[in-house]
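The values are calculated or read from the model by the stated rules, or taken from the named source; none is laboratory data. For clarity, every value in this text was computed on a predicted model and none was experimentally measured. Ideal geometry is used to build each Cβ from the backbone, glycine not excepted, and the neighbour counts take in all protein chains shown. Just so you know, the surface numbers come from the protein's heavy atoms only, side chains and all, with ligands and any DNA or RNA stripped out. Shrake-Rupley method; radii C 1.70, N 1.55, O 1.52, S 1.80 Å.
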Amino acid sequence: MRKVYLSVIGFSLLCRLNSHAQTKQDTGLYIKPAASLYTPVSTPDTAGYNPRALRIDEIDFVTSYYGQTGDHSAVTGGIGTEQVTDIANSLTLNLVWQNKPQKKNTLAVGLGFDYHSAASQAFVSKTGASSPTGTRIYPSLDWTVENTKTGNAFGLGAYYSGEYNYQSLGADLHFSQKTADKNGEFSAKLQGYFDQVKLIYPSELIPNTTTSDNGTVVTSASGTVLSGDGHGHRAAIPSSPRTTLSASFSYSQMINSRLQIMFLGDLVTQHGYLSLPFHRVYFTNGKDTVEHLPSSRFKLPLGFRLNYFLGDNIILRTYYRYYQDNWGIKSNTIGIEVPYKVTPFFSISPFYRFYDQSAAKYFAPYETHSPTDEYYTSNYEYSKFNANFFGVGFRIAPPKGVFGWQGLHEMEIRYGHYTQTTDLVSDVVSLSLGFK
């Protein structure tokens, strides 16, 4: 389910970020309107400075519905239903205060709640009697201090995510620095997630642990060996926490009044238990076991964004990302979005994204892994495939408020349709509301 959550959260965040493209910088590479690109920045008079009290700057609410179908469930070894529905909701309260000259403090307090139903989860039990539903809650805090004169900023973040088989704590340190002419900006974020994975096994593969001269051996009730190297020298399935550490860097530059570019790069390392024990794998001899993957992984994504004003009403947003990791996966992502301002207060944003991926060296379909393989998975997330994602967004931000409600200053609805060459198909619709 984690992959589904990332898809839904990513789409919801895209909705939220795009709705701010007219007013603030975001990871979608904000470009100021040409008329204001070189507006001089005034230096605040701090001689008679008075601290500004804490106030609510904005409240953001995002809700989305995700539906998916497919027939390559990892729970049943790469075959079987992948039907999923997910309803995600998040609320973010943005608080602002100023306690020193030129020092703006922003505290973002977030709370998210998801409810999902996955048909394949029922077959964690061989009889299909397991619960197919689940919930997740994810609060967050982010504190940022910005120098209003230089534009430089520094911040800290903290996160929690909890569901029935997964608990995660996260923290980050982030900062940004503008060039002297304010046309360039360097940003960096150091992030860590510290997870605990509850080892839930398929009903027929609940492990029994025995010890011999060769060390600890973990087998199922039916005698299938669940972990090790395939030659008798086997260790127990790891139950250590999963740790993910990442460093993200970006540099954006305004080339002229119409063109802005951004370079992005990430370094990601993972350690701990990276498999999921309720993912089955069936060998060529017909016996089944649980997914077994290496305990470390290194990822390297590199990206590039280019935004261009085609005129007063049209923006061209493009994106490219190359990715590879030490599990053998390489991928390319190409995206384009073209926001068109129909009126000063209403815009339409069609978008399209293409993705292709090579298979991980540990992946094989149903009943094609050899019993002597060291690592094995039939999770199609690690297979070779191409994917297309396209849709459209509608945003309104009238000066008197949405539907005449002054407090509701903007609303955006986005719809996306996703297809994958593994026959997975999904749809997601998202509603974003911004309150002042």
*Hey, can you tell me all the residues within the range 135-173 that are among the hydroxyl-bearing types (Ser, Thr, Tyr), surrounded by fewer than 16 Cβ atoms within 10 Å (Cβ to Cβ) and over 23 Å from Leu54 (Cα atoms)?*
Thr135, Tyr160, Tyr164
*List every residue pair whose Cβ atoms sit under 9 Å apart, with the two residues 6 or more apart in sequence or on different chains, where the first one lies in the range 250-267 and is in contact (Cβ under 8 Å) with a residue 60 or more places away in the chain and charged (D, E, K, R) and the second, anywhere, is surrounded by fewer than 14 Cβ atoms within 10 Å (Cβ to Cβ) and outside any strand (DSSP E or B).*
Arg258/Ala34; Arg258/Leu310
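Checking the conditions here, which among Tyr340, Tyr352 is more than 30 Å from Thr377 (Cα to Cα), out of contact with any Phe, Trp or Tyr (no Cβ under 6 Å at 6 or more places or on another chain) and open to solvent by 50 Å² or more (accessible area, probe 1.4 Å)?
Working: Tyr352 fails: out of contact with any Phe, Trp or Tyr (no Cβ under 6 Å at 6 or more places or on another chain).
Selected residue: Tyr340, the only one of Tyr340, Tyr352 that is more than 30 Å from Thr377 (Cα to Cα), out of contact with any Phe, Trp or Tyr (no Cβ under 6 Å at 6 or more places or on another chain) and open to solvent by 50 Å² or more (accessible area, probe 1.4 Å).
Checking the structure you have, find out if any residue of the range 74-85 is small (Gly, Ala, Ser), touching a residue at least 40 places away in the same chain (Cβ under 8 Å), under 17 Å from Val428 (Cβ atoms) and in a strand (DSSP E or B). Spell out the reasoning first.
Residues of the range 74-85 small (Gly, Ala, Ser): 74, 77-78, 80.
Retained after the next criterion (residues that are touching a residue at least 40 places away in the same chain (Cβ under 8 Å)): 74, 77-78, 80.
Filter once more, so that each one left must be under 17 Å from Val428 (Cβ atoms): none.
Scanning the range 74-85 turns up no residue that is small (Gly, Ala, Ser), touching a residue at least 40 places away in the same chain (Cβ under 8 Å), under 17 Å from Val428 (Cβ atoms) and in a strand (DSSP E or B).
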*So which of Tyr282, Tyr273 is part of a strand (DSSP E or B) and either modelled with pLDDT of 95 or more or under 27 Å from Phe194 (Cβ atoms) (or both)?*
Tyr282
*Which residues, counting only those in the range 51-68, are β-branched (Val, Ile, Thr) and exposed (fewer than 15 other Cβ atoms within 10 Å of the Cβ)?*
Ile56
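Can you tell me which residue is nearest to Gly112 (Cα to Cα) among those in the range 130-150 that are of a type in the set (Ser, Thr, Tyr) and part of a strand (DSSP E or B)?
Tyr138
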*Here is a list of conditions, (1) closer than 30 Å to Thr76 by Cβ; (2) assigned to a loop (DSSP other than H, G, I, E, B), and Tyr323 meets all of them except one; can you say which number that is?*
(2)
*Out of Phe249, Phe283, Phe304, Phe309, report the one residue that is of a type in the set (Phe, Trp, Tyr) and closer than 30 Å to Asn165 by Cβ.*
Phe283
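The rows are residues; the columns are (1) open to solvent by 20 Å² or more (accessible area, probe 1.4 Å); (2) in contact (Cβ under 8 Å) with a residue 60 or more places away in the chain; (3) of a type in the set (Phe, Trp, Tyr).
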| residue | (1), (2), (3) |
| --- | --- |
| Thr243 | yes, no, no |
| Ser275 | no, yes, no |
| Pro294 | no, yes, no |
| Arg297 | yes, no, no |
| Arg305 | yes, yes, no |
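Of all residues in the range 103-129, count the ones that are in a loop (DSSP other than H, G, I, E, B), open to solvent by less than 40 Å² (accessible area, probe 1.4 Å) and in contact (Cβ under 8 Å) with a residue 24 or more places away in the chain.
Let us first name the residues in the range 103-129 that are in a loop (DSSP other than H, G, I, E, B), namely 125-129.
Then keep just the ones that are open to solvent by less than 40 Å² (accessible area, probe 1.4 Å); that gives 125, 128.
Pick out the ones that are also in contact (Cβ under 8 Å) with a residue 24 or more places away in the chain and you get 125.
Of the residues in the range 103-129, 1 are in a loop (DSSP other than H, G, I, E, B), open to solvent by less than 40 Å² (accessible area, probe 1.4 Å) and in contact (Cβ under 8 Å) with a residue 24 or more places away in the chain.
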_I'd like the full set of residues that are within 25 Å of Gln260 (Cα to Cα), in contact (Cβ under 8 Å) with a residue 24 or more places away in the chain and of a type in the set (Gly, Ala, Ser), limited to the range 156-199._
Ser176, Gly184, Ser187, Ala188
*Restrict the check to the range 357-367 and report whether at least one residue is farther than 20 Å from Arg297 by Cα, acidic (Asp, Glu) and open to solvent by less than 20 Å² (accessible area, probe 1.4 Å).*
no
